[in-house]
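*Asks:* Have a look at this one before I ask anything.
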Amino acid sequence: MIIENMTSIHVEPIAQLEKLCFSDPWSEKSIETELSCQLSCWLVAMEGDTLLGYVGSQTVIDESDMMNLAVHPDYRRQGIAEKLVAALEEALRERGSKALTLEVRDSNAPAIRLYEKLGFQQVGLRKNYYRNPKEDARILRKEL
Ligand SMILES: CC(C)(COP(=O)(O)OP(=O)(O)OC[C@H]1O[C@@H](n2cnc3c(N)ncnc32)[C@H](O)[C@@H]1OP(=O)(O)O)[C@@H](O)C(=O)NCCC(=O)NCCS
């Protein structure tokens, strides 16, 4: 498996994985827009031509926000998300980012476990942040 920067060839498979993993997925168009956004850093985990997972972020000055993270259901519990987030942290540190913040559904136990394992701490709760279904978001943060 290799982790590399997202390019245009990854946009369609990422959009497909978004649909598979989320009730409110990003469209292909909105993912494509990230390619030309200076603030964005997206990484993909690839095995040959197969997309295993991806992570997406935006950085404003020295604060980064993780917007997306998903691993294909067939490849979960193999440490891929952990490697993606570690690679993202490294890339963001190199850009001078000092902290990484993210939102996660209150009921998303696998993701919350993952972020706890990686040293994220809860810093807030956003009531009814998500739709389909309506749910609170935990706000997690890690100093880089
Ligand atoms: C959350 C997600 C990205 C994890 O991907 P993954 O590659 O399976 O995660 P990893 O194998 O790197 O797991 C690392 C750690 O996270 C935790 N974890 C991951 N999946 C878990 C699960 N189903 N149950 C409990 N803990 C879990 C464990 O602590 C695990 O370490 P361990 O295997 O040593 O116990 C994946 O389940 C996913 O894509 N879910 C759907 C999309 C999503 O919810 N994204 C996050 C939005 S905020």
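The values are calculated or read from the model by the stated rules, or taken from the named source; none is laboratory data. Since we're looking at a predicted model, the values are computed, not measured. Cβ placement follows ideal geometry from the backbone for every residue including glycine, while neighbour counts extend to all protein chains displayed.
*Asks:* Given the residues 110, 73, 25, which is the only one that is at pLDDT 95 or above, more than 26 Å from residue 141 (Cβ to Cβ) and not small (Gly, Ala, Ser)?
*Replies:* On inspection, the qualifying residue turns out to be 73.
*Asks:* Within the set of pairs 6+ apart or on separate chains, which have a first residue in the range 20-34 that is over 15 Å from residue 8 (Cβ atoms), a second that is among the acidic types (Asp, Glu) and modelled with pLDDT of 95 or more, and C-beta atoms under 6 Å apart?
*Replies:* Note: pairs meeting the criteria are 25/18; 26/18.
*Asks:* Take the residues in the range 101-144 that are of a type in the set (Val, Ile, Thr) and under 22 Å from residue 61 (Cα atoms); name whichever of them is nearest to the chain's Cα centre (by Cα).
*Replies:* The residue in question is 101.
*Asks:* Return the pairs, sorted by first residue and then second, in which the second residue is more than 12 Å from the ligand (Cβ to nearest atom) and in a strand (DSSP E or B), the first residue lies in the range 102-130 and is within 16 Å of residue 68 (Cβ to Cβ) and free of Cβ contacts under 8 Å to residues at least 24 places away in the same chain, the beta carbons are less than 7 Å apart, and the residues are 6+ apart or on different chains.
*Replies:* Pairs that qualify, where the first residue is within 16 Å of residue 68 (Cβ to Cβ) and free of Cβ contacts under 8 Å to residues at least 24 places away in the same chain and the partner is more than 12 Å from the ligand (Cβ to nearest atom) and in a strand (DSSP E or B), are 120/141; 120/142.
*Asks:* Could you check the range 72-94 and list, in sequence order, the residues that are in contact (Cβ under 8 Å) with a residue 40 or more places away in the chain and surrounded by 13 or more Cβ atoms within 10 Å (Cβ to Cβ)?
*Replies:* 72, 80, 83, 84, 87, 88, 89, 91, 92, 93
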